[in-house]
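Colleague: Below are the structure tokens for one structure; questions will follow.
Derivation of every value follows stated rules applied to the coordinates shown; laboratory data play no part. Everything numeric in this text was worked out from a predicted model, so none of it was measured. Reconstructed Cβ throughout: ideal geometry from the backbone, glycine too, with neighbour counts over all protein chains shown.
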């Protein structure tokens, strides 16, 4: 069972906390990272690419020339994909690229990602992240002391902190229920509140 230091917002050590070995001591699995991040990226695709085909493009439907006797192909419309201004042949249509992987795979990947950040000494636990007012300057001077670049901040419910860091480049706030593999891996450092740790251990301790 890993034991880590417990900090306050001033980055002063105020104690220690024991973390679940199943959640924060999982082995690294690049295959799980690949499968889950690929799923997340697929779900974020807009799928709005669109081309007009010959049934939609705006053109006259008059017959261009008589059917027989001209020696030309039996072309009947300016909407043909073979003509300039005609419709596209087999062009893209709006679609949903999203798909799903099993819940147990998603949970295993998240456990592995959190454990990787802990082993790299880039995961910190803060006793309490409550701040009295909305202040970007105060938020950066407190949670920002835990990282030099990209920082992921996780708490259970903290509207003041969310609104304080949401416009800071490289910073991202997530509620504990929204923690995901992509954001954990995409940020250099992860800062969890004590309440968020308790929530994650309760959710990730089993595969159901």
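Colleague: Identify, from the list 177, 196, the residue that is buried (at least 20 other Cβ atoms within 10 Å of the Cβ), under 19 Å from the mean Cα position of the chain (by Cα) and closer than 29 Å to residue 38 by Cβ.
Modeller: On the way: 177 fails: buried (at least 20 other Cβ atoms within 10 Å of the Cβ).
Going through 177, 196 in turn, just one is buried (at least 20 other Cβ atoms within 10 Å of the Cβ), under 19 Å from the mean Cα position of the chain (by Cα) and closer than 29 Å to residue 38 by Cβ: 196.
Colleague: Which of the residues that make up the range 119-141 are surrounded by fewer than 20 Cβ atoms within 10 Å (Cβ to Cβ) and part of a helix (DSSP H, G or I)? Walk me through how you get there before you give the answer.
Modeller: Step one: list which residues in the range 119-141 are surrounded by fewer than 20 Cβ atoms within 10 Å (Cβ to Cβ), which gives 119-122, 127-128, 130-138, 140-141.
Within the range 119-141, 119, 136, 137, 138, 140, 141 qualify.
Colleague: Among the residues of the range 160-178, write down those that are assigned to a helix (DSSP H, G or I), touching a residue at least 24 places away in the same chain (Cβ under 8 Å) and in contact with a strand residue (DSSP E or B) (Cβ under 7 Å, 6 or more places away or on another chain).
Modeller: If the condition is that a residue be assigned to a helix (DSSP H, G or I), touching a residue at least 24 places away in the same chain (Cβ under 8 Å) and in contact with a strand residue (DSSP E or B) (Cβ under 7 Å, 6 or more places away or on another chain), then 161, 165, 176 are the ones that fit.
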